[in-house]
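One structure is given here, and the rest of the page talks about it.
The values are calculated or read from the model by the stated rules, or taken from the named source; none is laboratory data. Keep in mind it's a predicted model, so treat the numbers as computed, not measured. Because the Cβ atoms are built from the backbone with ideal geometry, glycine has one as well, and the counts that use them run over all protein chains shown.
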Amino acid sequence: MDASIGAFEAKAQLSRLLRAVENGERFTITVRGKPVADLVPHRSDPGQGVGAAVAALRAFPRIRGVSAADVASFVSEGRR
């Protein structure tokens with residue numbers, strides 16, 4: 001769960017917050033109670049999320065029994 005912290009307090013405690021984030025904690029920084037930023041751990045491998053997304057899409061069940069003509073018909077219905 002993310003902890004919420006005001007911008008002034010975050011500025012005053014930045015070193016402590018960075019140590020906490022390094023240990024996996026997450027913070028939402030607010031200005032006058034409105035969320036404006038998230039302080040989250042850095043991902044060292046930016047492609048890591050892409051690989052997981054591709055794997056999830058490949059594992060997604062395929063729709064069977066619908067012809068290409070039916071799909072084209074469905075698409076054209078949505079464009080009216």
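There is at least one residue in region 6-14 that is part of a loop (DSSP other than H, G, I, E, B) and at pLDDT 95 or above.
In region 31-60, the residue that is surrounded by the fewest Cβ atoms within 10 Å (Cβ to Cβ) out of those that are at pLDDT below 80 and in a loop (DSSP other than H, G, I, E, B) is 44. Set side by side, the residues 44, 76 differ, and just one is under 19 Å from the mean Cα position of the chain (by Cα) and hydroxyl-bearing (Ser, Thr, Tyr), which is 44. Please verify whether residue 64 is in contact with an Asp or Glu (Cβ under 9 Å, 6 or more places away or on another chain) and of a type in the set (Lys, Arg), treating the condition exactly as stated. Against the criterion (in contact with an Asp or Glu (Cβ under 9 Å, 6 or more places away or on another chain) and of a type in the set (Lys, Arg)), residue 64 does not qualify.
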